[in-house]
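The structure under discussion appears below in the form of structure tokens.
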Amino acid sequence: MDRFEYRDGELYCENVPVRAVAEAVGTPTYVYSAATFRDHYDRMAAAFAALDPTICFSVKSCQNIHILRLLVERGAGMDVVSGGELFRALRAGADPARIVFAGVGKTDAELREALRTGIGLFNIESESELDNLAELVRSLGGTARAALRINPDVDPRTHRHTTTGKRETKFGVDLERARRVFETFGRRLGVTLSGIHLHIGSPVNTVEPYVEAVTKTLGLIDELRDAGYPIDTLDIGGGFGAHYEGGEAPPATAYAAAIVPLLRDRSLRLILEPGRSIAANAAILLARTVHVKQGGDKQFVIVDGSMTELIRPALYDAYHFVWPVVPGPEAVPPDRRRDTRLPGTRKVDVVGPVCESADYLARERHLPPMRRGDLLAVFTAGAYGFVMASHYNSRPNAAEVLVDGSAFRVIRRRETYQDLVAAEQNDL
Ligand code: LLP
């Protein structure tokens, strides 16, 4: 699952005691495990090896260029959704031919950058966008390869905010419209429309929605091929699960066992866009207890991490396992499940200092007694963690640290107050 484990009563990331990171770098800090990233990437590649897929890591899930570089060195391409992410992917040394670009509202400036870079695939979400891309290709010269993002109308059975492949969402075009898009645009010079893209949601903790979506898509691909459109690429997006509670995500081999047989002998280049399944379990958010207070019948553990570092609990009511970094040998829970009613624990809310009632990291959890100064780990924080940070309440962004074996280094320094006002160009 990952390389965060309790040894001798304290939390280690690989061979580094997490406590040592807090002492050297302070808190709040994201602590990433390089070995976990490598392991998750390799598992995905091995599981789908029969189809020799292009694995484009979803930059939106975890964007630090040092981490992107680590994955590029492993062979990863990149899935980007903005000019900023494209910039990061290139900075990390990604091969432009292995970059795919999705998003419902790509601007002309972003498309021009991507065209000049010569990226591998534009994942197109509407007729209007395709028209616009063709226009830009004409004015800049050259060609572009594109896949049409379809909306297969499949329920991924996940949170409504992260459901993307249902008919009523803004993503992609429905199957009926997809046929018409090919009729209208399929033979235009300049843009080679030879792929189909889909992404049904995130996290998708069962394989059935993929089977349903891919089966529907293959029906469309057959029809399009019969009509003379040479479809050669299928990008099935990301959405593979991660372990928030400890055992809920199928392994990469389970997704592959369901998907690979459908695509064998189909002469399609397969693209995957995993984010969460690679990054989520590869990091914790490390925070320190500022105060413990009683409010009404509740006990609040107030830590220096908050919704500005990790917004998932506030935004999605997401569950993240939390536990002290040094709980002592008696208080190490066997896994990360919700029920941690061990002897000596008591029910608390773990909250941050931000001025919002939604600013919490964990609610109604049984934790060992927490005292001012105690370190706390928020697990499964590597995906959609730091990337969704804000500066609300003028809080400088946290530091990011990468552990590799017995060593660790800062891969993003903690922001300063000066950083907070740097773009305001004031000469006060
Ligand atoms: N490809 C496309 C087109 C996507 O929209 C996404 C995620 C991915 C790939 C990667 O999905 P993954 O493998 O990471 O599940 N902020 C939310 C998740 C939003 C996902 C957006 N799209 C969260 O914190 O749960």
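The values are calculated or read from the model by the stated rules, or taken from the named source; none is laboratory data. Here the structure is a predicted model, which is why all the values come from computation and not from measurement. Please note: Cβ atoms are built from the backbone with ideal geometry, for glycine as well, and neighbour counts cover all protein chains shown. Surface areas here come from the heavy atoms of the whole protein model, side chains and all, with no ligands, DNA or RNA. Shrake-Rupley method; radii C 1.70, N 1.55, O 1.52, S 1.80 Å.
Roll a 1.4 angstrom probe over the protein heavy atoms and tell me the percent of accessible area of the range 20-113 that is carbon or sulfur.
After summing per-atom areas, the C and S share lands at 48 percent.
Once phi is turned into ³J(HN,Hα) by the Karplus curve 6.51 cos²θ - 1.76 cosθ + 1.60 with θ = phi - 60°, what whole-Hz value does each residue of the range 254-263 show in order, with x for glycine and proline?
6, 4, 5, 4, 7, 8, 4, x, 5, 9
Would you mind computing, in nm to one decimal, how far apart the modelled labels at residue 363 and residue 19 are, each placed 7 Å from Cα along Cα→Cβ?
3.3
Highest mean first, how do 264-277, 379-392 rank when packing is the count of other Cβ atoms within 10 Å averaged over residues? Present the calculation step by step, with values, prior to reporting the outcome.
Details: 264-277: 20.1, 379-392: 21.6.
Top of the packing list down: 379-392, 264-277.
Mind checking the angle between helix 175-185 and the chain's longest principal axis? C-alpha axes, 0 to 90 degrees, to the nearest 10.
50
Can you give the FRET efficiency to the nearest 0.05 for residue 414 and residue 245, using r as the Cβ-Cβ distance and R₀ = 41 Å?
Working: r = 30 Å, r/R0 = 0.74.
That pair, residue 414 with residue 245, gives E of 0.85.
Of the peptides 27-37, 127-137, how do they stack up when ordered by the mean number of other Cβ atoms within 10 Å, highest first?
The peptides rank, most packed first, as 27-37, 127-137.
In percent, how large is the relative contact order of the range 34-276, given Cα pairs closer than 8 Å and 6 or more residues apart?
20
Report the calculated FRET efficiency for residue 131 and residue 87 (r = Cβ-Cβ distance, R0 = 22 Å), to the nearest 0.05.
Values: r = 26 Å, r/R0 = 1.17.
Plugging the Cβ-Cβ distance into 1/(1 + (r/R0)^6) gives 0.30.
Taking only C-alpha pairs under 8 Å that are 6+ residues apart, what is the relative contact order of the range 214-347 in percent?
23
Tell me, what does the Kirkwood hydrodynamic radius of the chain come to in angstroms if you use every pair of distinct C-alpha atoms?
It is 22.7 Å.
Arrange the peptides 336-347, 241-252, 169-180 so that the one whose residues have, on average, the most other Cβ atoms within 10 Å appears first.
Ranked from most to least packed, the peptides come out as 241-252, 169-180, 336-347.
Helix 108-117 against the longest principal axis of the chain: what's the angle in degrees, Cα atoms only, rounded to the nearest 10?
It is inclined by approximately 80 degrees.
Keeping all protein chains in position, work out how much accessible area residue 218 exposes to a 1.4 Å probe, and write it in Å² to the nearest 10.
Solvent-accessible area, nearest 10 Å²: 10 Å².
Going by amide H atoms built from the backbone, whose H comes under 5 Å of the H on residue 124, apart from near neighbours?
Residues meeting the criterion, in which the H sits 1.01 Å from N, are 147, 148, 149.
Taking only Cα atoms, what is the 0 to 90° angle, nearest 10, from helix 65-74's long axis to the longest principal axis of the chain?
60
Would you please give the FRET efficiency between residue 356 and residue 155, computed as 1/(1 + (r/R0)^6) with r the Cβ-Cβ distance and R0 = 35 Å, to the nearest 0.05?
0.65
Taking H as built 1.01 Å from N, whose amide H comes closer than 5 Å to the amide H of residue 299, not counting residues under 5 places away?
Placed amide hydrogens put 349 under 5 Å from residue 299.
Antiparallel DSSP bridges in the chain: what percent, to the nearest 5?
50
Give me the log10 of I(q) over I(0) for the range 34-276 at q = 0.15, 0.17 Å⁻¹, as the Debye formula computes it from C-alpha points; what are the numbers?
With one equal scatterer per Cα and no solvent, log10 I(q)/I(0) is -1.02, -1.34.
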